[in-house]
Amino acid sequence: MWDPFGSHHALNWALKNLAMCNKRFRRITLPSLYHDVRLNAPDRIYPFILCLVDSPHYGSLVRRISIGVDNTFRRNLRIKKGQITESDTSKILEKLKELSLPAALIKKVGETEDADWAVALCLLPLLTKLEGFSIQFKDSKDRQDFNAHAPIIFQPHFLSPSLRSVYLEVDRCGWMSLNVEVLTSLMSIPSIKEISVSRIGSGIEPRDTSLPFPPSQSSAHPHSNVETLRISESMVSENTITTLLGLSRSLTKFVYIERRWLETPRSLRRFQEAINNVSSTIEKLALELGGSVFVPNRILSFSNFTSLVELSISWDLLFDQDPGDIINRLPSSLETLLLRSPQRYEDGVNAKIIECFTVILRAKSVTVLPHLDTIAVNDPTFDWTSFMDMASERGVKIRPWDPVDQLMSDPYVMSVS
């Protein structure tokens, strides 16, 4: 029996040994052993595919799979592939043909020198009851190959109908983005409810009104069932955000954290129009636009977000010099307000945030922000003393910022380190 976890996982090694004792123990332990597969060694991918080809029922046991591929992927893959026979390779290719995968992709899987992400992605159609997968890039050099092949596999007829959660991450070292078409393909799959991605890129150009992918593709899937969408460390145009949010009909949580050092013109008017697409469904919203240079309309309004209960936002997107009208830009449904300060803390920001909270607390009543009960700032040194008594009088809790932002936390993410 093939061990998906590797012998360094003591518990799973013990389960493997137990499964080999007799048929009864094998029947009991196999589901647990294959429930959560983590391929953190790239050279294990071909053997795992061969395992699923020889024993297809193993594929039905996998509920989650995490694939991490680093810069030794090509070298390790060639070494490991050299250890399986031509007959084994033929069996793998025949199985992929049975799944009606594109001929060009199957051909690439059969090549020794240039298999790359084609092999890793071909695992997914073999997992018939998969509920979620995580793919983490340790070397962004593989980005181009992944971008070329992922949209081919990320189609409803190739993936498990049980698929609910997807997590994609590019290592933070260097900057090589994933193509936004990958994200669009995932959003078109009806079963998927939650998507978390980092380093998605579509470029930003305010005067560019073209879609980042063919209109026929977006119109082919007019609705998405995704409820949670997290996009972090990315640089995505207003057009792209408009299109992605326009696909969604049930989005309740949206996190958009921009690449912090991005210095590119951003139209807040068009960004406002983009997020207005989900104003009636969104319940939790986190926004940070990095170092963008804003063109007119520097602040955003959420007064028409009728379901919004938690807002996490850069302070300079909510108020500028005068926070006096901030009450008119917050919805009456709001329960929690979390203000983000810039990464490079600027002089006077502390005073501005204090002034903002003071205005909010003074205005709070049974008719103005009646449900607001929590405020926070993402700076652990922030001085709350000037209005702690006022917050207490208004029944508002001051919450120290959690080191792990609650809106960004993803219960599905599986480490492949």
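Assorted remarks:
- Total residues in region 93-106, condition in a helix (DSSP H, G or I) and modelled with pLDDT of 90 or more: 6
- Pairing each residue of region 267-289 that is free of Cβ contacts under 8 Å to residues at least 60 places away in the same chain and open to solvent by 10 Å² or more (accessible area, probe 1.4 Å) with any residue that is assigned to a strand (DSSP E or B) and basic (K, R), provided the two are 6+ apart or on different chains, yields C-beta distances under 8 Å for E283/K253; E288/R340.
- Which listed residue, of I65, I84, I45, is at pLDDT 85 or above and either open to solvent by less than 30 Å² (accessible area, probe 1.4 Å) or outside any helix (DSSP H, G or I) (or both): I65
- Across region 183-199, the number of residues qualifying as aliphatic (A, V, I, L, M) and either farther than 12 Å from Y167 by Cα or in contact with a His (Cβ under 7 Å, 6 or more places away or on another chain) (or both) comes to 2.
- Taken over region 374-387, the residue count meeting the criterion of being open to solvent by 50 Å² or more (accessible area, probe 1.4 Å) and either under 22 Å from E283 (Cβ atoms) or under 36 Å from the mean Cα position of the chain (by Cα) (or both) is 3.
- Residue that is surrounded by fewer than 20 Cβ atoms within 10 Å (Cβ to Cβ), within 28 Å of the chain's Cα centre (by Cα) and at pLDDT below 85, where the choices are D70, D36: D70
- In region 226-256, of all residues being of a type in the set (S, T, N, Q) and in a strand (DSSP E or B), the one that is farthest from E283 (Cα to Cα) corresponds to S234.
The values are calculated or read from the model by the stated rules, or taken from the named source; none is laboratory data. Note that the coordinates shown come from a computational prediction; the quantities given were computed from them, not determined experimentally. Positions of Cβ are backbone-derived with ideal geometry, glycine not excepted, and every protein chain shown enters the neighbour counts. When the accessible area is computed, the model is the full protein with side chains, heavy atoms only, and any ligands, DNA or RNA have been set aside. Shrake-Rupley method; radii C 1.70, N 1.55, O 1.52, S 1.80 Å.
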